[in-house]
Amino acid sequence: MSRNAALLALFISTALIPNAQAAGRPPSFLRSCVIAAPDPVPLFPPSAAARARSASDGEEKDGANDTADDDEDEAEDSPRGFLSPGSSTCIAISGTVNAGPQRDDYRANALTRATGQVPLNATSFPLNTTFRIETGQSLANGLFLASAFEFSIDTSSNASGDVTLSEASVTLGPLSFGVAGSRFDFWAGDDFAFVGRIPSRTVAIIGYERQLTESLSLSISAEDVSIDQRTPLPSAGRRMPDGVARLLYQHDTLTLHGAVAMRDVPRIGASSLVGRAAVLGATWDGSVLKKPLTLSAQIAGAVNAAPYIGSQLDRRVAFPLLSGDEATRGWSGVVSIGRGWTDEWSSNAYISRYELTLPRIGGEKGRIRIDRVAANVVWKPLKGLRIGLEASLAWQRIDLAGPALAASFNGRQSSAQLFLERTF
């Protein structure tokens, strides 16, 4: 009997004491947090003398308060979220809604209209919604673990909307894998509504990134562009992932981006082609007459690697005309400028060219050429709210040459949209 009583007492103590301790704890509430990866340690850190000289120059030039201001700006740009009770993981939920009336007008020669591919002039009300979930936490071994999931819904083509996966990635320290933007891409046109609705390419990626110095980083990745749902390129069969290497320099107001890509292009009944591409890009953020000014430029070239040149707008026009094993040569370039006039008003403009040559048997060549120019004016009355007016013009000339066809398809598209964009 005494043994049973002892067991009963032990059971009661183990069952009730934790509850009593839990009842005595203060209630847990959600706490705010910021997802910000720790600064990576450079492979080649600066010497002590260089650090002291840099700190001294910074104090003399900018003053003591600039460091605090920079920290505040960095924290403001980082995703803000919450820590759930009993967890060290920061979760951030965000999204964007872009809507407004849009007018599209098309002009084309008779041969182009005879194909039935020229849309009718129309006024529409496109609605684009983006939803994103991010997480981040520092592990016990010092590595930073982050994940991101993002998808968008575009009602431009149908009332129900096209759902597109933009990102589903995991980052552990210098390693990253999943579905994300290509490391090759640089200029994305985020300040423009038309380009922003069709952002940079989505690829399946396994990548490694290493900070070489405080300003220079190296990225190496294996990528598969066939996963892109927006502008898929026809494939001739199984192929190896593309290899991409990138050098990125970021210091003060200057950003430099250089990347190369190698691509295996299998062909039916013939040996594979070796595709290669390179891109150079630069962005300068400064001020002129005490007003912020941003200049950005990019030029890219590719041989048998058409997915690596042009914007998504250009590739959406060109890819339906290509086959998966076709030899191609091409280049693209873009120059953009952004100007802030007041705290609420700003304007942006860009001009671009896309040119792709399709060598044919017998010396004949096909050519796709697209020129674009766009500009907008944006008003930001509140944080997270943008109201703007944007207009764009695009000229395309498509010359298809071959043993049984030699034709030119020329056309022009003009578009204008009054948009409202809300970020939450």
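Quick notes on this structure:
- The one condition in (1) out of contact with any Leu (no Cβ under 9 Å at 6 or more places or on another chain); (2) over 24 Å from G196 (Cα atoms); (3) surrounded by 18 or more Cβ atoms within 10 Å (Cβ to Cβ) that E326 fails to fulfil: (1)
- Residue in region 263-273 that is part of a strand (DSSP E or B), closer than 30 Å to F409 by Cα, at pLDDT below 90 and of a type in the set (A, V, I, L, M, F, W, C) present: yes
- Residue match in region 102-123 (condition: in contact with a strand residue (DSSP E or B) (Cβ under 7 Å, 6 or more places away or on another chain), at pLDDT 85 or above, in a loop (DSSP other than H, G, I, E, B) and over 30 Å from S32 (Cβ atoms)): yes
- Condition met for S336 (hydroxyl-bearing (S, T, Y) and more than 20 Å from the chain's Cα centre (by Cα)): no
- Residue in region 146-156 that is modelled with pLDDT under 90, aliphatic (A, V, I, L, M), closer than 19 Å to L420 by Cα and in a strand (DSSP E or B) present: yes
One line per residue, one yes/no per condition, for (1) more than 23 Å from N376 (Cβ to Cβ); (2) hydrophobic (A, V, I, L, M, F, W, C); (3) without any contact (Cβ under 8 Å) to a residue 40 or more places away in the chain:
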{"position": "R80", "(1), (2), (3)": "yes, no, no"}
{"position": "V97", "(1), (2), (3)": "no, yes, no"}
{"position": "N109", "(1), (2), (3)": "yes, no, no"}
{"position": "T112", "(1), (2), (3)": "yes, no, no"}
{"position": "L120", "(1), (2), (3)": "yes, yes, yes"}
{"position": "L127", "(1), (2), (3)": "no, yes, yes"}
{"position": "T135", "(1), (2), (3)": "yes, no, no"}
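- Residues in region 90-146 that are basic (K, R) and under 30 Å from D399 (Cα atoms): R103, R107, R113.
- Any chance S166 is under 24 Å from L420 (Cβ atoms) and either at pLDDT below 75 or within 20 Å of the chain's Cα centre (by Cα) (or both): yes
- Meets criteria (at pLDDT below 95, of a type in the set (K, R) and assigned to a strand (DSSP E or B)) for R412: yes
- Given (1) modelled with pLDDT under 95; (2) of a type in the set (S, T, Y); (3) under 18 Å from G189 (Cα atoms), index of the condition S287 fails: (3)
- Flag for A391 being assigned to a strand (DSSP E or B), at pLDDT below 85 and among the aliphatic types (A, V, I, L, M): no
- Flag for D154 being surrounded by fewer than 17 Cβ atoms within 10 Å (Cβ to Cβ) and out of contact with any Ser or Thr (no Cβ under 6 Å at 6 or more places or on another chain): no
- Residues that are of a type in the set (G, A, S) and within 29 Å of S226 (Cβ to Cβ) within region 259-296 comprise A259, A261, G269, A270, S271, S272, G275, A277, A278, G281, S296, listed in sequence order.
The values are calculated or read from the model by the stated rules, or taken from the named source; none is laboratory data. Note that the structure is a prediction, hence the values are computed from the model and not measured. All Cβ positions, glycine included, derive from the backbone under ideal geometry; neighbour counts span all protein chains shown.
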